[in-house]
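Q: I have a structure I would like to understand better, so I am pasting it below and will then ask my questions one at a time.
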Ligand code: GTP
Ligand code: MG
């Protein structure tokens, strides 16, 4: 699938004010700074569509982007940023979880995990919550350009091993780099296949 059109639609704090849920939707979540906004820019080929930053905590709202006039990509605030204030953390958790639980057109949540790190409890717990809430998700291992392929594979396998302590089956996963575009075609064809269901 090719992305011909990608436009920003609206930012919200309340899922009720999001666009009409009449098109397939895909949301990106994960720890602050893991590369959610950069991935949206990489997938759409528009480097300034979603706002990115070297500092964690950049994305603070539910941001809808309309793609090819027929489906939505959604950029969400990150979780797990230790330096964020307690009030901000609670606000983001409440906002994103309410959105994820209620958004009826959400076909898949992409959970982004930094491919350089070992399994973090905050990610494992978040995926547990998605499972308990029966929200379908896939995993994206980001920033693969930052280390060797061998290292990425080792880290991904370690995280998957940890997941198998809780899960009978592993979710679909992708490895990406917003620098080299690794994983772009794979994610777009996955979305395309879900769009057709
Ligand atoms: P929040 O909105 O704060 O939750 O962060 P985010 O997950 O949206 O991360 P963002 O896309 O803003 O990226 C954070 C930093 O990581 C930026 O400096 C990006 O340039 C960098 N980055 C993101 N993806 C990649 C990648 O695949 N490779 C490399 N080398 N850097 C990346
Ligand atoms: Mg962001």
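The values are calculated or read from the model by the stated rules, or taken from the named source; none is laboratory data. Keep in mind that this is a model prediction, so the values were computed, not measured. Note: ideal-geometry Cβ built from the backbone for every residue, glycine included; neighbour counts use all protein chains shown.
Q: Taking into account only those residues within the range 43-83 that are in contact (Cβ under 8 Å) with a residue 60 or more places away in the chain and assigned to a loop (DSSP other than H, G, I, E, B), which is nearest to ligand 2 (Cβ to nearest atom)?
A: We begin by selecting, within the range 43-83, every residue in contact (Cβ under 8 Å) with a residue 60 or more places away in the chain; these are 43, 66-73.
Now restrict to residues that are assigned to a loop (DSSP other than H, G, I, E, B): 68-70.
Details: 68: 22, 69: 24, 70: 24 Å.
Among those that are in contact (Cβ under 8 Å) with a residue 60 or more places away in the chain and assigned to a loop (DSSP other than H, G, I, E, B), it is 68.
Q: Tell me, please, whether a residue that is surrounded by 19 or more Cβ atoms within 10 Å (Cβ to Cβ), without any contact (Cβ under 8 Å) to a residue 40 or more places away in the chain, farther than 19 Å from residue 140 by Cβ and within 16 Å of ligand 2 (Cβ to nearest atom) can be found in the range 89-96.
A: Taking the range 89-96 first, the residues surrounded by 19 or more Cβ atoms within 10 Å (Cβ to Cβ) are 92, 95-96.
Next cut, without any contact (Cβ under 8 Å) to a residue 40 or more places away in the chain only: 92.
Narrowing the set further to residues that are farther than 19 Å from residue 140 by Cβ leaves 92.
Going one step further and asking which of them are within 16 Å of ligand 2 (Cβ to nearest atom), we end up with 92.
The answer is yes, given that some residue of the range 89-96 is surrounded by 19 or more Cβ atoms within 10 Å (Cβ to Cβ), without any contact (Cβ under 8 Å) to a residue 40 or more places away in the chain, farther than 19 Å from residue 140 by Cβ and within 16 Å of ligand 2 (Cβ to nearest atom).
Q: Then there is this: Could you grab the pairs with beta carbons closer than 6 Å, sequence gap of 6+ or different chains, first residue in the range 30-42 and in contact (Cβ under 8 Å) with a residue 60 or more places away in the chain and within 18 Å of residue 97 (Cα to Cα), second one in a loop (DSSP other than H, G, I, E, B) and more than 9 Å from ligand 2 (Cβ to nearest atom)?
A: Final answer for the pair search is 31/80.
Q: Applying the selection to the range 110-150, what residues are more than 16 Å from residue 93 (Cα to Cα), within 16 Å of ligand 1 (Cβ to nearest atom) and at pLDDT below 95?
A: Within the range 110-150, 117, 120 qualify.
Q: Could I ask something else about it? Enumerate the helices (runs of 4 or more DSSP H) found wholly within the range 93-197, keeping only those where 3 or more residues are touching a helix residue (DSSP H, G or I) at 6+ places or on another chain (Cβ under 8 Å) and farther than 29 Å from residue 12 by Cα.
A: 149-163
Q: Filter the range 18-42 down to residues that are within 16 Å of ligand 2 (Cβ to nearest atom), closer than 15 Å to residue 109 by Cα and outside any loop (DSSP other than H, G, I, E, B), then give me how many there are.
A: 10
Q: Report yes if some residue within the range 1-17 is within 8 Å of ligand 1 (Cβ to nearest atom), at pLDDT 95 or above, assigned to a helix (DSSP H, G or I) and within 21 Å of residue 95 (Cα to Cα); otherwise report no. Outline the logic, then answer.
A: Quick first cut of the range 1-17, residues within 8 Å of ligand 1 (Cβ to nearest atom) only: none.
Checking the range 1-17: not a single residue is within 8 Å of ligand 1 (Cβ to nearest atom), at pLDDT 95 or above, assigned to a helix (DSSP H, G or I) and within 21 Å of residue 95 (Cα to Cα).
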